[in-house]
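Notes follow once the structure below has been shown.
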Amino acid sequence: HVARSDEQPRGKPHPDVFLAAAAKIGVEPGACLAFEDAPTGIAAARAAGMIAVALTTSFDAEHFEASAPHFHARDYE
């Protein structure tokens, strides 16, 4: 596995899990694309310096406004 939230000292909206994942795959966070279905996940990805895509599978796009995703998508397609 790459990285799990429950293995990190702080959970989302802290960037710990995203930073750990980037480190494990050897890629700078700024070169990563994070897909998240919750505003706290978007906030964590942005705090890690990643491009954040809000998946509107659980919440409407309006729910993500405060977390400021770079993009919105209905699904992974």
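The values are calculated or read from the model by the stated rules, or taken from the named source; none is laboratory data. A quick note: this is a predicted structure, and the numbers were derived from the prediction, not measured. Cβ coordinates were reconstructed from backbone atoms using ideal geometry, including for glycine residues, and neighbour counts include every protein chain displayed. Ligands, DNA and RNA are excluded from the accessible area calculation, which covers all protein heavy atoms including side chains. Shrake-Rupley method; radii C 1.70, N 1.55, O 1.52, S 1.80 Å.
Quick notes on this structure:
- Percent carbon-and-sulfur accessible area, the chain, ignoring ligands, DNA and RNA, probe 1.4 Å: 53 percent
- Virtual spin-label span in nm between Thr40 and His72, 7 Å along Cα→Cβ: 2.2 nm
- Only Cα pairs under 8 Å and 6+ residues apart enter the sum, and on that basis the relative contact order of the chain stands at 25 percent.
- Among Val53, Val27, Val17: highest mean-square fluctuation, GNM of the chain, C-alpha pairs under 10 Å: Val27
- Structure-based [θ]222 nm, the chain - -39500 (n - 2.57) summed over DSSP H runs of at least 4, per residue, nearest 500: -7000 deg cm²/dmol
- Across the chain, Cα-Cα pairs more than 18 Å apart make up 36 percent of the total.
- For the options Glu36, Glu28, Glu62, a Gaussian network treatment of the chain with springs between C-alpha atoms closer than 10 Å singles out Glu62 as fluctuating the most.
- Taking all protein chains into account, the per residue accessible area for the chain stands at 63 Å² (1.4 Å probe).
- Between Ala47, Ala61, Ala31, the GNM of the chain built on Cα springs shorter than 10 angstrom shows Ala31 fluctuating the most.
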